[in-house]
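For reference, the structure discussed in these notes is given below.
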Amino acid sequence: MAPNSPGGFPRKIRGSVVVQRRRCGKRSCRCAEGERLHESTVLSYSEGGRNRTVMLAPEEIAKVRAAVERYRAARSDVEAEGNAGLAALLARRADTHRSR
């Protein structure tokens, strides 16, 4: 389970917040002609090789966007740290091979 902030909402969420536009399927609806489609904001994520979506309530959108950004920032930081570690190891090995 992901750590929660003091308000009980997850601090980091993997995925993307996107706006889906679609038809509802009713023949008499304004969306039937394809011009004024229905919009809903969702969290899109992959699980087990499949794309999944979760509809977001209007009051959740800002919190989920912030949590997604925190996840991306943390992932970027870990990747940068890993790349720095790799560069240090390769430099160390190069120095070792030069001194032989």
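Relative contact order, percent, of the chain when contacts are C-alpha pairs under 8 Å separated by at least 6 residues? Rounded, it is 24 percent for the chain.
Sequentially through the range 42-57, phi angles give Karplus couplings (6.51, -1.76, 1.60; θ = phi - 60°) of 10, 9, 9, 8, 10, 8, x, x, 10, 7, 10, 9, 10, 5, 10, 6 Hz, Gly and Pro residues having no value and appearing as x. Label positions at Arg27 and Thr41, each projected 7 Å from the Cα along the C-beta direction, are separated by 3.6 nm. Projecting label points 7 angstrom from Cα along Cα→Cβ for Glu81 and Glu60 puts them 3.0 nm apart.
At 222 nm, what value in deg cm²/dmol follows for the chain if DSSP H runs of at least 4 each add -39500 (n - 2.57) and the sum is divided by all its residues, to the nearest 500? The per-residue figure over the chain is -14000 deg cm²/dmol. Does the range 54-100 come out rounded, prolate or oblate by the C-alpha gyration tensor, with a ≥ b ≥ c the root eigenvalues, rounded set by a/c under 1.5 and, if not, prolate when a/b is larger than b/c and oblate if not? Taking the square roots of the gyration eigenvalues as a ≥ b ≥ c, the range 54-100 is prolate. Given (i) 1.28; (ii) 1.77; (iii) 1.10 as candidate values of Rg/Rh (Cα atoms, Kirkwood Rh), which corresponds to the one derived from the coordinates? From the options (i) 1.28; (ii) 1.77; (iii) 1.10, the structure gives (i). Expressed as an acute angle from 0 to 90° and rounded to the nearest 10, what is the orientation of the C-alpha long axis of helix 61-98 relative to the principal long axis of the chain? Computed tilt is about 20 degrees.
Every number here is computed from the coordinates shown, using simple stated rules; none is lab data. None of the values given here were measured: they were computed from a predicted structure. All Cβ positions, even for glycine, are placed from backbone atoms using ideal geometry, and neighbour counts span all protein chains on display.
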